[in-house]
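The values are calculated or read from the model by the stated rules, or taken from the named source; none is laboratory data. Everything numeric here is computed off the predicted structure, so don't read it as measured data. Methodologically, a virtual Cβ is constructed for each residue, glycine included, from the backbone with ideal geometry; neighbour enumeration extends over all protein chains shown.
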Amino acid sequence: MILGSGGKGGRRGRRSLNAEINVTPFVDVMLVLLIVFMVTAPLLIRGEAVNLPKTNSAPLKADPNDAPLTVWVRADGTVLVQQTEIAIEALGPQLVAIVGEGYDKDVFLYADESVPYGVVMDVTAEVRRAGFTRMSFITEQKTR
């Protein structure tokens with residue numbers, strides 16, 4: 001006579017514990033967060049409205065993880081450092097206050113194409129006087 005022929009040694013009503021981790025909800029949440037960050041990251045970069053000169057220059061090679069130090073010159077001649085308006089004479093000390101001494105990366109200069117050459121050179125001279133030797137003049141690509 002055979003008793004308890006349930007196949008699991010007589011433990012019909014009990015379930016065995018599942019020791020596996022279900023990662024599907026975790027992956028779903030991570031994918032949603034990835035999409036949210038991919039959509040919002042380009043919107044966080046804010047710039048000034050300037051009409052950049054159009055040239056046939058090659059694109060800049062910059063590290064996308066570094067926030068560049070930017071100087072903007074609007075069409076009316078006002079100068080901005082990281083979107084903060086400043087006088088040209090105070091440009092050098094402001095740059096040093098932002099990044100300190102020994103900044104070895106490029107300072108990006110966005111100048112409107114209608115700004116007189118003398119104003120651009122004044123800004124460049126102030127940046128160089130503050131000890132920043134590397135500058136990149138930002139332009140747009142010409143369209144054919």
Close pairs from the range 130-144: first among the aromatic types (F, W, Y), partner in a strand (DSSP E or B) and surrounded by 15 or more Cβ atoms within 10 Å (Cβ to Cβ), Cβ under 6 Å, at least 6 apart | F132/V107; F137/L109
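Out of all the residues in the range 15-25, is one or more at pLDDT 75 or above, outside any loop (DSSP other than H, G, I, E, B) and either among the small types (G, A, S) or out of contact with any strand residue (DSSP E or B) (no Cβ under 7 Å at 6 or more places or on another chain) (or both)?
Of all residues in the range 15-25, those at pLDDT 75 or above come to 15-25.
From what is left, the residues that are outside any loop (DSSP other than H, G, I, E, B) are 24-25.
Those left that are additionally either among the small types (G, A, S) or out of contact with any strand residue (DSSP E or B) (no Cβ under 7 Å at 6 or more places or on another chain) (or both): 24-25.
Yes, some residue in the range 15-25 is at pLDDT 75 or above, outside any loop (DSSP other than H, G, I, E, B) and either among the small types (G, A, S) or out of contact with any strand residue (DSSP E or B) (no Cβ under 7 Å at 6 or more places or on another chain) (or both).
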Inspect all residues belonging to the range 65-84 and state whether any of them is modelled with pLDDT under 85 and farther than 29 Å from M38 by Cβ.
-> no
Answer from A41, A49 - the residue that is small (G, A, S), modelled with pLDDT under 70 and closer than 25 Å to E85 by Cα | A49
Residue selected from the range 114-135 under the condition touching a strand residue (DSSP E or B) at 6+ places or on another chain (Cβ under 6 Å) and assigned to a loop (DSSP other than H, G, I, E, B), by the criterion farthest from P68 (Cα to Cα) = V115
Identify the residue in the range 113-144 that is of a type in the set (D, E) and loosely packed, with under 13 Cβ neighbours inside 10 Å and, among all such residues, is nearest to P93 (Cα to Cα).
-> E113
Among the residues of the range 78-93, how many are loosely packed, with under 15 Cβ neighbours inside 10 Å and of a type outside the set (S, T, Y)?
-> 6
Got a sec? Which of V115, V99, V107 is modelled with pLDDT under 90 and more than 19 Å from the chain's Cα centre (by Cα)?
-> V115
